[in-house]
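Please read the structure below before turning to the comments.
The values are calculated or read from the model by the stated rules, or taken from the named source; none is laboratory data. Not measured: the values here are computed from a predicted model. In this analysis, Cβ positions are derived from the backbone assuming ideal geometry, glycine residues included, and neighbour counts consider all displayed protein chains.
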Amino acid sequence: MSVVMIRPARTLDAGKLADIMSEANSRLTWLPKLYSGAEEIMLIGDMIEAGWVRTAYLDEELAGFIARKGTEIHALYLRPHLQGRGVARKLIVDAQRNAKKLGLWSYEENERASRFYGKAGFAEVSRTDGSGNDARLPDIRFEWLREAV
């Protein structure tokens with residue numbers, strides 16, 4: 001049985017996490033390349049330094065990460081060959097653990113992500129034409145609220 005371990009990212013993880021983000025994004029043929037490799041490392045490094053990033057290891061292999069600032073999830077990436085093995089779900093559950101609500105944006109074209117967020121309890125609350133995001137692609141706002149007990 002596979003074991004997923006979640007832990008805070010370390011500064012030295014920035015390059016590996018940028019590789020995961022780049023590999024995952026390269027599989028999305030509709031997504032334009034927005035940043036150079038160096039810019040991706042810098043972006044992730046800044047998020048790590050701010051304390052936003054948690055990593056997931058599947059059987060001791062670095063599998064992916066989530067970046068969350070307060071109630072906003074800014075990134076969720078997995079190595080493509082490890083998708084569908086429960087790693088992203090563990091990252092989301094970890095983010096939900098001490099939150100009353102969470103929100104995120106996902107590109108409309110990313111149907112797999114939309115299905116995933118729906119199964120994780122997120123509801124679509126709005127759509128845009130993409131004029132407010134870096135890729136200029138239509139996107140969807142998802143939000144999750146903890147149920148009152």
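Across the stretch 7-19, a minimum of one residue is classified as in contact with a Leu (Cβ under 9 Å, 6 or more places away or on another chain) and not in a helix (DSSP H, G or I).
Quick check: is even one residue across the stretch 135-143 acidic (Asp, Glu) and exposed (fewer than 15 other Cβ atoms within 10 Å of the Cβ)? Within the stretch 135-143 (the criterion being acidic (Asp, Glu) and exposed (fewer than 15 other Cβ atoms within 10 Å of the Cβ)), the answer is no, since none of the residues qualifies.
So, in the stretch 44-100, how many residues would count as being polar (S, T, N, Q), farther than 23 Å from Leu28 by Cβ and in contact with a Lys or Arg (Cβ under 8 Å, 6 or more places away or on another chain)? Let's see the steps before the verdict.
As a first pass, look at the stretch 44-100 and keep what is polar (S, T, N, Q): 55, 71, 83, 96, 98.
Now narrow it down to the ones that are farther than 23 Å from Leu28 by Cβ: 71, 96, 98.
Imposing the further condition that a residue be in contact with a Lys or Arg (Cβ under 8 Å, 6 or more places away or on another chain) reduces the set to 71, 96.
Of the residues in the stretch 44-100, 2 are polar (S, T, N, Q), farther than 23 Å from Leu28 by Cβ and in contact with a Lys or Arg (Cβ under 8 Å, 6 or more places away or on another chain).
For first residues located in the stretch 24-40 and exposed (fewer than 14 other Cβ atoms within 10 Å of the Cβ), partners that are part of a helix (DSSP H, G or I) and of a type outside the set (Phe, Trp, Tyr) and lie 6+ apart or on another chain with Cβ distances below 6 Å form the pairs Arg27/Pro80. Output the residue which, of all residues in the stretch 43-95 that are in contact (Cβ under 8 Å) with a residue 60 or more places away in the chain and of a type outside the set (D, E, K, R), is surrounded by the fewest Cβ atoms within 10 Å (Cβ to Cβ). Filtering first and then ranking leaves Gly86. The criterion of at least 2 residues that are farther than 23 Å from Met5 by Cα and either modelled with pLDDT of 95 or more or under 14 Å from the mean Cα position of the chain (by Cα) (or both) is met by the following helices (runs of 4 or more DSSP H) wholly inside the stretch 37-149: 37-49, 111-119. Arg7: in contact with a helix residue (DSSP H, G or I) (Cβ under 8 Å, 6 or more places away or on another chain), of a type outside the set (A, V, I, L, M, F, W, C) and surrounded by fewer than 12 Cβ atoms within 10 Å (Cβ to Cβ), yes or no? Here the answer is no, as Arg7 does not meet what is asked.
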